[in-house]
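Single-structure report; data block below.
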Amino acid sequence: MTAIFGIGVLAGLLLTPDGRQWLRHPTVMLGDRANASAPAAPVAAPVAVVAAPPPVPAVTPLAARLTKGPLRIGVFGDSMADGLFTGLYRDLRDQPKVTVTKFSEVSTGLSRYDYVDIQAKTQRQIEATPVDVAVILFGTNDAQGISLDGVIHDFGTEGWKAAYATRIENLVAMLRGRDVAVYWVGLPRMKSARFDGRMALINGVIEARMKALNVPYLETVDLTSNGEGGYEAYLANDSGRKVLMRANDGIHMSMAGYLRISGPVAERLKRDAGLLNPAPTAHPREGGDPVLSSGTPALQDSPGFGSRPRPVTQSTGSPPSRG
């Protein structure tokens, strides 16, 4: 019966123009597979989609903030940022209108939000203790996979770079959406060539995002490299004397090393806030003796001299950890 039915269908196809055309080029699906003689459907060429960075909210300039009260600086990041905070505190302690607060926590980063969600944590921190400026230094714990939207992206892959960039952008957008100016500090040179390469990859992603978002990025690799561009624990200070700049682990810095990377950050903040005094100029006074003036009263003539407020610190109560 089946054979007779098949013969009838075939005869019907032969009797019609459309049927004969189908027999020459059969394209109908037979079961769940197309006949191999069917011409291939045209495939559209892939279109590269370049994701535009999210709009960055404008923030109040630092100099304008100072007209309304003290400039509140917060330092966010991992254990490397702990040292950066100490350096910034020392660099800015002579500024009566500036406070520096530590929000960094050891063993945190932007890769493992299953351990500490930095986005949510930072939001809670600034809601409890508002700041005007966020100085950020993350990365020493971030050379590991990222789980995003149910997918695990291995470190260094294109998926990882995209996921890491997304977390950077979200953090910056959250801060700037609350009128917090962001300054991102890059990772220094590392002793281990393998680890140095990983940190360089992270620096590359961060620097690219800061450029796209128009956020200041302060690199530290050159500051922490020797004359040949390599790692060296002892580096020359401003006077040319070799000083120990690194901790024994080849990752963290000594106090001199942290001051080496915090100095340019402090100078950038003071410049943007209008706190850099003009160079003193000499002009004669009666009797012909020159006197130096910077356009501001001398310290002993300033109100409150001897009891100037110091920047405040805030402990996060973090447990000890490797980094």
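Cα-based radius of gyration for the range 94-136, normalised by 2.2 N^0.38 Å, reads 1.35.
Each residue, residue 123 and residue 94, gets one label point 7 Å from its Cα in the Cβ direction; the gap between the two is 4.1 nm. The lysines within cross-link reach of residue 121, meaning a Cα-to-Cα straight distance under 30 Å and a gap of 8 or more places when in the same chain, are 68, 97, 102, 161, 211, 270. Note on the range 67-108: dipole from Cβ charges, positive end direction compared against 84, 101, 69; the farthest Cα belongs to 69.
When the solvent-accessible area of the range 140-283 is split by element, carbon and sulfur atoms take up 51 percent of it, the probe being 1.4 Å. A simple packing score, the average count of other Cβ atoms within 10 Å per residue, orders the peptides 177-183, 75-81, 237-243 as 75-81, 177-183, 237-243, with the highest score first. Highest mean first, the peptides 107-120, 88-101, 151-164, 129-142 sorted by other C-beta atoms within 10 Å per residue fall in the order 129-142, 88-101, 107-120, 151-164. Across the range 203-259, Cα pairs under 8 Å and at least six residues apart give a relative contact order of 17 percent. Between residue 200 and residue 114, the contour length at 0.36 nm per residue exceeds the Cα-Cα span by 28.5 nm.
The values are calculated or read from the model by the stated rules, or taken from the named source; none is laboratory data. This is a predicted model, so every value here is computed, not measured. Here the Cβ is made from the backbone with ideal geometry for all residues, glycine too, and neighbour counts use every protein chain on show. Note: accessible area is taken over every heavy atom of the protein model, side chains too, but ligands, DNA and RNA are not part of it. Shrake-Rupley method; radii C 1.70, N 1.55, O 1.52, S 1.80 Å.
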